[in-house]
Amino acid sequence: MQMPPPEAATIARRPRLVERLRGILPEDAVIVAEDALRAYECDGLSAYRQLPLIVVLPETTEEVSAILRLCQAEGVKIVPRGAGTSLSGGALPLADGITLGLGKFNRILDIDFANRCVVAQPGVTNLAITQAVAHAGFYYAPDPSSQIACTIGGNVAENSGGVHCLKYGLTTNNLLGLELVLMGGEVVRLGGKHLDAEGLDLLGLMTGSEGLLGVITEVTVRILRRPETARAVLAGFASSEAAGDCVARIIGAGIIPAGMEMMDRFAIHAADDFAHCGYPRDVEALLIIELDGPEVEVEHLLDRVRELAQAAGATVLRLSRDEAERVAFWEGRKAAFPAVGRISPDYYCMDGTIPRGRLPQVLTAIGEMSSRYGLRCANVFHAGDGNLHPLILYDANVPGELALAEEFGAEILKLCVAVGGVLTGEHGVGVEKRDLMGVMFNDDDLKQQQRVKCAFDPDHRLNPGKVFPVLHRCAELGRLHVQRGRLPFPDLPRF
Amino acid sequence: MTATVKPGAVAEVRDVVAWAAGEQKPLEIVGGGSKRDFGQPFQAAYRLDLSGLAGVTLYEPAEMVLTALAGTRLTEIEALLAEHGQELPFEPGDWGPIYGLTRGASTLGGVIACNLSGPRRVKAGAARDHFIGLAGISGRAEVIKSGGRVVKNVTGYDLCKLLAGSHGQLMALTEITLKVGPRAEKARTLLLFGLDEVRGSQALRSAAGSPCEPSGLAHLPAAVAARSRVDLVVEAGTSVTAIRVEGPGPSVDYRLARLKETLAVGVRCEELHSMRSRKLWAEVRDVAPLLPDAGRQLWRLSVPPASAAEVAANLRQDLGEGVELLFDWAGGLIWLALPALADAGQAHVRAALAGGGHATLVRADVETRGRVAVFPPLAPGLAALEHRVRAAFDPLGLFNLGRLGLAA
């Protein structure tokens, strides 16, 4: 993984930068000791590590603004960081860059039930927002599996999803407002407690921008009333084709479940061995289908889902009878990652999305790749929205095996794009998928995206080395080559 | 007189833009032309008519995804979806009648460029939430694509969001991919009669915060309700607060009963079933009850829902008894009709938004729109940022800039 070459001059200026930063922040909010920096050397993609030049932990928007003003003036790179749970290396530090941690932005600022929204600082965890409104029967819908640790600011930066986004949307669909600080220190507010923010939809642009456009210092999200009840169906199938057919039948019947997850045989066994959740072991594919809403609706839809699953050839069919059993159905799925971690020294989690109907084809191809690379692969899948999470098992202590796992992963992602899907559904591009961007986008597409980046950060100081495989200078991107000429197609209809 | 160029293929659109860039000739981008009177009046050298770029290029009901060329008529898309029991969840309106035009001219490109969403926006999200993939021509005459045909996608910046509601100022959109949804098996509407704006908007918010998942939340004051064509609404002879629930039959019955139990205490109420319910929500979506007097100016206000009644009271106080309005989106959207004023009452309208939100002048005669800021004025820092983002797509300012009242 090639990162932009560190600037020796910046590294040499470290003492001066520390001194300037200590003029902005309290002493203990500027971290320089190597053992303390070590805690920030990687995020959830721990295969890549790098000690940051300095870590700063501001507490106010004014401090963030002063830091970004300083970085702009001094020409220093900056990497924003929430809880560091990114699975794509979005918060990977730079040797010549300052990591800006938002952990001290940990307060909920306003709970507004009348307008059904919460205003929070970016370092508040995803789950804490739900916990703050649960007493009144409300919750925040997007629920990434890291929700106890991941922060709402990070969720915005990555446009995080979760198992319930099939029905309730991703972060971008649940966001109402932001305060952000631009490179140079300017503070901008977008949206608020109303719908459809004025002007261009910069709120939508910021969501999923992976910390390349600005530093988020305040977030307003919509909260929803908790559904009256939720129940789950566990359905086992003799083939992934049959399970895929079941998914298509459910969607085709106009039913949008709250969640619809699929696991393959390897993942089922790994999860069951780990969580002892009583999953059927003699099936090739398992679906967990959750329905939520008023009890009468859930009962009604459960009947229909049961019929559809039977028609699709389900060999095992269980309906959760109570809340404990519903939770038990999910236990194995939620433990799938640690379960795989138990049987392999390391695993590499992929995140492509495909059109749902291509699932059997893609699973078959992954099976073939698995034998070819000699690496095992467990598949868990947000079946409702086509988001695939193959877990490639490898051992980092075996020379060459990480590189092999990465190659295997890249081949899966290329296949996702080839069948009409995309490189990443919810984990982000980061450094991990950066060099694959050319599989999905051509040069013009990528340059256009970078021109947007230039509108926010003309010197590429904010989180450089992420998302874009080639960094073009903004001045070069801004050049325009136009030629005067005749209106083409003289035979076009004109009035 | 502006000359019109009407390409029939994407490559031709690109060539036209390349020519316009070379000659520095600004273009007015037009689809069906139903919303040409929306925005600041402006003259562009050429009109780029995209209505020749029409047709659905991909529709997979089982994947709930549809791709169409930007000039495809909305009516064609809706009819195709209906054949498969599906619909556009964001329920876009037809704004033609707002400008005195007949229905049916609206194109998908225009709906997306204006980010038009109807009453179901409170539950299902806006047009921008369903816009998952695009192709278009930038002001550099380059074909640009973004997004894809799958819903879950964080590969690169989400340019679809930027283009939704951009009023054609960034790119000439050529192809649009949408997430579509199943049409509900059943729809019913609870009508509460005689509530004032404070109690009406409270009832709407209470329904919105209930587990009943309403998909339409509107309040029509008496004078506005009197102009409905739905018999039970007209005959009410008073204000009407309307709450829609959609879904499987037994669920709709249950949720409607629950809403009635909690909200219709000591209040006269009625229910609208399928056809009448559909008719009322089409009226709300297209603001039909505020349209009959074509001389009236029309504003659209997006506000924090809990501030709706206060905003309405401020508007009545400052602008007098001629004010007519209706609430949609549980009060989060206020449509306001005013007797024609030279400044369209803009100072009062925008002052009424002290609690947050913004206001857009949707209809006024051409002179008034020339004098008034049609779109919400932005804070200086934000305006400068927007300018840079626009320039990133359209450095020469070729596309529709006059419509936004902006300089290149």
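A few comments on the model shown:
- Any hit, region A:401-408, residues being at pLDDT 95 or above, touching an Asp or Glu at 6+ places or on another chain (Cβ under 9 Å) and of a type in the set (Gly, Ala, Ser): yes
- Unique residue being at pLDDT 95 or above, surrounded by fewer than 24 Cβ atoms within 10 Å (Cβ to Cβ) and closer than 21 Å to residue A:108 by Cα when the list is A:181, A:187, A:215: A:187
- Residues in region A:312-355 that are part of a loop (DSSP other than H, G, I, E, B) and either within 19 Å of the chain's Cα centre (by Cα) or within 17 Å of residue A:390 (Cβ to Cβ) (or both): A:335, A:344, A:350, A:351, A:352, A:354, A:355.
- Among the residues of region B:323-332, none qualifies, meaning not one is over 19 Å from residue B:200 (Cα atoms) and not polar (S, T, N, Q).
- Test: residue in region A:253-274 that is in contact with a Cys (Cβ under 9 Å, 6 or more places away or on another chain), buried (at least 24 other Cβ atoms within 10 Å of the Cβ) and not small (Gly, Ala, Ser): no
- Counting only strands (runs of 3 or more DSSP E) wholly contained in region B:311-408, the ones carrying 1 or more residues that are surrounded by 19 or more Cβ atoms within 10 Å (Cβ to Cβ), within 9 Å of chain A (Cβ to nearest Cβ) and not charged (D, E, K, R) occupy B:333-338, B:358-363.
- The sole residue among B:152, B:145, B:161 that is of a type outside the set (Phe, Trp, Tyr) and surrounded by fewer than 21 Cβ atoms within 10 Å (Cβ to Cβ) is B:145.
- Subset of region A:97-115 [surrounded by fewer than 23 Cβ atoms within 10 Å (Cβ to Cβ) and either free of Cβ contacts under 8 Å to residues at least 40 places away in the same chain or more than 23 Å from the chain's Cα centre (by Cα) (or both)]: A:106, A:107, A:108, A:109, A:110, A:111, A:112, A:113, A:114
- Scan region B:35-81 for residues that are assigned to a strand (DSSP E or B) and within 23 Å of residue B:166 (Cα to Cα) and the total you get is 11.
- The residues in region B:142-161 that are more than 8 Å from chain A (Cβ to nearest Cβ) and either in a loop (DSSP other than H, G, I, E, B) or in contact with a His (Cβ under 9 Å, 6 or more places away or on another chain) (or both) can be counted, and the count is 0.
- Scanning region B:187-220 for residues that are part of a loop (DSSP other than H, G, I, E, B) and under 13 Å from residue B:236 (Cβ atoms) yields B:194, B:195.
- Flag for residue A:79 being outside any strand (DSSP E or B) and among the β-branched types (Val, Ile, Thr): no
- Within region A:358-389, tally of residues that are in a loop (DSSP other than H, G, I, E, B) and either more than 18 Å from residue A:409 (Cα to Cα) or within 14 Å of chain B (Cβ to nearest Cβ) (or both): 4
- Residue, surrounded by the fewest Cβ atoms within 10 Å (Cβ to Cβ), within region B:70-90, restricted to residues that are touching a residue at least 60 places away in the same chain (Cβ under 8 Å) and more than 14 Å from every other protein chain (Cβ to nearest Cβ): B:88
- Identity of the residue in region B:223-254, within 14 Å of another protein chain (Cβ to nearest Cβ) and among the acidic types (Asp, Glu), that ends up surrounded by the most Cβ atoms within 10 Å (Cβ to Cβ): B:246
- When B:120, B:140, B:149, B:73 are checked against the criterion of being outside the structural domain of residue B:248 (by TED's automatic domain parsing) and touching an Asp or Glu at 6+ places or on another chain (Cβ under 6 Å), a single residue qualifies: B:120.
- Residue within region A:417-438 that is in a strand (DSSP E or B), surrounded by fewer than 23 Cβ atoms within 10 Å (Cβ to Cβ) and aliphatic (A, V, I, L, M) present: no
- Within region A:169-187, the set of residues being under 18 Å from residue B:90 (Cβ atoms) and more than 8 Å from chain B (Cβ to nearest Cβ) comprises A:174, A:175, A:176.
- Test for residue B:257: is it within 14 Å of chain A (Cβ to nearest Cβ), in contact with a Leu (Cβ under 7 Å, 6 or more places away or on another chain), of a type in the set (A, V, I, L, M) and assigned to a helix (DSSP H, G or I): no
- Residue within region B:27-42 that is over 25 Å from residue A:201 (Cα atoms) and surrounded by fewer than 24 Cβ atoms within 10 Å (Cβ to Cβ) present: no
- Inter-residue pairs, beta-carbon under 6 Å, first part of a loop (DSSP other than H, G, I, E, B) and in region A:118-131, second surrounded by fewer than 24 Cβ atoms within 10 Å (Cβ to Cβ) and charged (D, E, K, R), 6+ apart: A:121/A:107
- Taking the conditions (1) part of a helix (DSSP H, G or I); (2) crowded, with 17+ Cβ neighbours inside 10 Å in turn, residue A:307 satisfies each one other than (2).
- Members of region B:1-30 that are in contact with a Ser or Thr (Cβ under 8 Å, 6 or more places away or on another chain) and at the interface with chain A (Cβ under 9 Å from one of its Cβ atoms): B:6
- Exactly one residue out of B:220, B:195 is in contact with a Leu (Cβ under 7 Å, 6 or more places away or on another chain) and either modelled with pLDDT under 95 or more than 13 Å from every other protein chain (Cβ to nearest Cβ) (or both), and it is B:220.
- Tallying residues that are closer than 30 Å to residue B:367 by Cα, of a type outside the set (A, V, I, L, M, F, W, C) and buried (at least 22 other Cβ atoms within 10 Å of the Cβ) within region B:7-26 yields 0.
- So residue A:288, is it modelled with pLDDT under 95 and either hydrophobic (A, V, I, L, M, F, W, C) or more than 21 Å from residue A:326 (Cα to Cα) (or both): no
- Region A:342-357 - residue that is within 14 Å of chain B (Cβ to nearest Cβ) and surrounded by fewer than 21 Cβ atoms within 10 Å (Cβ to Cβ) and, of those, modelled with the highest pLDDT: A:355
- For region A:4-24, a residue qualifies if it is part of a loop (DSSP other than H, G, I, E, B) and touching a residue at least 12 places away in the same chain (Cβ under 8 Å), and the qualifying residues are A:4, A:6, A:7, A:13, A:24.
The values are calculated or read from the model by the stated rules, or taken from the named source; none is laboratory data. On a predicted model such as this, the values are computed, not experimentally measured, just so you know. Heads up, the Cβs are rebuilt from the backbone with ideal geometry, glycines too, and the neighbour counts pull from every protein chain shown.
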